[in-house]
Amino acid sequence: MLINEHSPWVELKYSSEALRNKESPLLITSHLSVQLFPKSFFSSNAKVIYLIRDPRDVLVSGYHYWRAANQIPKSKSLEEYFENFLQGK
């Protein structure tokens, strides 16, 4: 079984269609912020596991991803990338 079949991403069209056809999904994955969840979610009996990555890990992972991407303007250095990261760019 593929991970997206076991724990579908709610914001993807094909996953949301699959969720409609499931009787009781055990796991649902999302990158949505809590403000975008429907109000009915908070009065349900759903359990939530909330994961947060260490910002240092996000910085280094993002830096290597951007350097490997072909169609994205590259930062000249990790320091420049860090400044852009802090500014939310």
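All of the numbers you see were taken from the coordinates with simple rules; none came from a lab. Keep in mind that this is a model prediction, so the values were computed, not measured. Methodologically, a virtual Cβ is constructed for each residue, glycine included, from the backbone with ideal geometry; neighbour enumeration extends over all protein chains shown.
In deg cm²/dmol, rounded to 500, what helix-only [θ] at 222 nm does the chain give when every DSSP H run of at least 4 residues adds -39500 (n - 2.57) and the total is split over its residues?
Roughly -12000 deg cm²/dmol at 222 nm, from the helical runs in the chain.
Based on alpha-carbon positions alone, could you give the equivalent ellipsoid semi-axes of the range 2-43 from the gyration tensor, as √(5λ), descending, whole Å?
They are 18, 12, 9 Å, listed from largest to smallest.
How far, in degrees from 0 to 90, does helix 55-68 lean away from the longest principal axis of the Cα atoms of the chain, to the nearest 10?
Helix 55-68 sits at roughly 70 degrees to that axis.
Report Rg (one decimal) and Dmax (nearest whole number) for the chain, counting Cα atoms only, units Å.
17.6, 51
Would you calculate the separation in nanometres between label points at Arg67 and Lys89, each defined as 7 Å from the Cα along the Cα-to-beta-carbon direction?
Going from the Arg67 label point to the Lys89 one covers 1.9 nm.
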